[in-house]
Amino acid sequence: MTLSLIQIVDSALASAVERGGSHLACRPGCTQCCHGVFPISQQDAARLRDGLHRLTQLDTQRAERIRVRVGESLARIAPLFPGSKTTGLLNADYEESPLFADEDSIGDSEPCPVLDPVTGTCDLYEARPIVCRTFGPPMRTAEGDLATCELCFITASTEEIAAAELDPTIPLKEAASNEAYDIAHHLHGETIVAFALSNHRL
């Protein structure tokens, strides 16, 4: 039986968390990584929509609060959105736009619409995107450096950071999974959480 991307990622994260130990600051209520606009795949977007649908069946009021936050978020960021406001798809050069490139911009401080501002937890945690599942442990950058959350591994040695590295094959596995998903569903491109959960069909 072939493992799903989620199973692979969650297993790799569990291993990295075990190796990272007390150097990982991640816990409910820590929301720094829940602020900022970021791209997600079509597969991530579909998972989020499925998660919201399931939540609607279980907790209508909680699901409606997410939809309200989605609308509020889009009202703030849509004027700067580097892509189609009709489909929610990002342009290929979206990283050059002020919404993504500028520090201290609206995009940099924008809370994720599925973040509950009262509890500081994710309302669609089980359906969260891959980037949310892998944030925290040391990960390789495109340049080959090990990067960590600025709140984690503050007192760790270089050796301790290296020992807690997330499986470096995850990005390639994620890319292959997303490509296969897009081909199977005749989709393309990336979007953001707010558009994925809006009434737009991507």
**Message:** Using amide H atoms built in the peptide plane, which far-off residues or other-chain residues are under 5 Å from Ile40 H to H?
**Reply:** Thr191, Ile192
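How big is the shadow of the Cα convex hull of the chain, averaged over all directions, in nm²?
About 12.3 nm², averaged over all directions.
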**Item:** Interchain or long-range residues, amide H under 5 Å from Gly83's placed H
**Value:** Asn91
**Asked** For region 183-192, in order, what is each residue's ³J(HN,Hα) by Karplus, 6.51 cos²θ - 1.76 cosθ + 1.60 with θ = phi - 60°, in whole Hz (x at glycine and Pro)?
**Response** 5, 5, 10, 6, 10, 7, x, 10, 9, 10
**Item:** For region 79-155, the spread of Cα positions along each principal axis, largest first, Å
**Value:** 44, 36, 24
**Request:** Could you check the simple spin-label distance between Glu96 and Gln7, using points 7 Å along Cα→Cβ, in nm with one decimal?
**Result:** 4.2 nm
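Hey, got the dipole for the chain? About the Cα centre, +1 on K and R Cβ, -1 on D and E Cβ, debye to the nearest 20? Mind dumping the intermediate values first?
Details: 16 positive and 29 negative charges, 193 e Å.
With Lys and Arg at +1 and Asp and Glu at -1, about 920 debye.
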**Item:** Simple spin-label estimate for Glu18 and Ser84 in nanometres, 7 Å along Cα-Cβ
**Value:** 4.5 nm
**Message:** Using the Karplus curve 6.51 cos²θ - 1.76 cosθ + 1.60 with θ = phi - 60°, what ³J(HN,Hα) values do you get for each residue of region 160-173, in whole Hz, with x for Gly and Pro?
**Reply:** 5, 5, 4, 5, 9, 4, 5, 2, x, 8, 4, x, 5, 5
**Request:** Assuming a ≥ b ≥ c are the square roots of the Cα gyration tensor eigenvalues, decide whether region 118-202 counts as rounded (a/c under 1.5), prolate (otherwise, with a/b larger than b/c) or oblate.
**Result:** oblate
**Cα centroid separation - region 39-76 against region 104-124, whole Å** = 12 Å
**Fill in**
In whole Hz, the Karplus estimates of ³J(HN,Hα) for region 83-90 (6.51, -1.76, 1.60; θ = phi - 60°; x where Gly or Pro) are x, 8, 6, 7, 9, x, 7, 6
**Request:** List the residues whose amide H sits under 5 Å from the amide H of Asp59, counting only those 5 or more places along or on another chain, with H placed 1.01 Å from N in the peptide plane.
**Result:** none
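All of the numbers you see were taken from the coordinates with simple rules; none came from a lab. Note that the structure is a prediction, hence the values are computed from the model and not measured. Positions of Cβ are backbone-derived with ideal geometry, glycine not excepted, and every protein chain shown enters the neighbour counts.
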